[in-house]
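The values are calculated or read from the model by the stated rules, or taken from the named source; none is laboratory data. Not measured: the values here are computed from a predicted model. Backbone-built Cβ (ideal geometry, glycine too); neighbour counts: all protein chains shown. Accessible surface areas use protein heavy atoms only, side chains included; no ligands, DNA or RNA. Shrake-Rupley method; radii C 1.70, N 1.55, O 1.52, S 1.80 Å.
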Amino acid sequence: MATLCQILSTPGDNLFAFRLSDGRGMAKAMEFMFPYIADKKTWPHPPDVMYFDEWPVRQPSLLFAGLALNRGDYLDLWKRLNPDPTVEEAVRNYPIRQPILWV
């Protein structure tokens with residue numbers, strides 16, 4: 001979803017900032033996920049994916065949303081995460097390996 005927002009946003013229409021009347025949108029989704037990406041030990045549910053220990057990696061959503069929403073904390077976390085996972089399953093689920101080329 002973050003990649004779609006990145007690709008389809010225009011200078012006059014920032015899809016990261018779009019919200020439905022009840023507040024749902026990418027900004028809210030990122031606000032929800034950010035603390036769990038920053039510290040997955042705080043996730044309140046049992047591990048829900050195979051290779052849970054290999055995550056998180058450098059999520060493109062953090063870079064894209066960080067720039068679009070002026071969130072330095074997202075960018076700082078993006079910089080700290082592993083940019084080059086080696087476990088095949090993590091690599092397979094890491095959709096955009098060079099997101100800096102998209103900005």
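When residues of segment 21-51 are filtered for being open to solvent by 70 Å² or more (accessible area, probe 1.4 Å), closer than 21 Å to ARG92 by Cβ and charged (D, E, K, R), how many remain?
1
Within segment 81-103, take every residue that is outside any loop (DSSP other than H, G, I, E, B) and touching a helix residue (DSSP H, G or I) at 6+ places or on another chain (Cβ under 9 Å) and give me the one that is farthest from LEU4 (Cα to Cα).
GLU89
Of the residues in segment 4-34, how many are out of contact with any Phe, Trp or Tyr (no Cβ under 7 Å at 6 or more places or on another chain) and touching a residue at least 60 places away in the same chain (Cβ under 8 Å)?
1
Check LEU62 against each of (1) more than 18 Å from TYR94 (Cβ to Cβ); (2) touching a Leu at 6+ places or on another chain (Cβ under 9 Å) and name the one condition it does not meet.
(1)
Which numbered condition trips up GLU31, out of (1) acidic (Asp, Glu); (2) part of a helix (DSSP H, G or I); (3) farther than 23 Å from LEU4 by Cβ?
(3)
Looking at segment 63-80 only, could you name the residues that are assigned to a loop (DSSP other than H, G, I, E, B) and surrounded by 12 or more Cβ atoms within 10 Å (Cβ to Cβ)?
Residues satisfying the conditions are LEU69, ARG71.
Looking only at residues that are part of a helix (DSSP H, G or I) and of a type in the set (D, E, K, R) in segment 52-62, which one is surrounded by the most Cβ atoms within 10 Å (Cβ to Cβ)?
Initially, segment 52-62 is screened for residues part of a helix (DSSP H, G or I), giving 52-54, 60-62.
Restricting the remaining residues to those that are of a type in the set (D, E, K, R) gives 53-54.
On the way: ASP53: 9, GLU54: 18.
Taking the candidates together, the pick is GLU54.
Among (1) within 16 Å of the chain's Cα centre (by Cα); (2) open to solvent by less than 50 Å² (accessible area, probe 1.4 Å); (3) of a type outside the set (Lys, Arg), there is one condition ASN93 misses while meeting the rest; what is its number?
Result: ASN93 fails condition (2) only.
Of all residues being hydrophobic (A, V, I, L, M, F, W, C) and surrounded by 15 or more Cβ atoms within 10 Å (Cβ to Cβ) in segment 81-90, which is modelled with the highest pLDDT? Just the residue, please.
LEU81
Going by the conditions given, is TRP55 at pLDDT 90 or above and within 23 Å of THR42 (Cα to Cα)?
no
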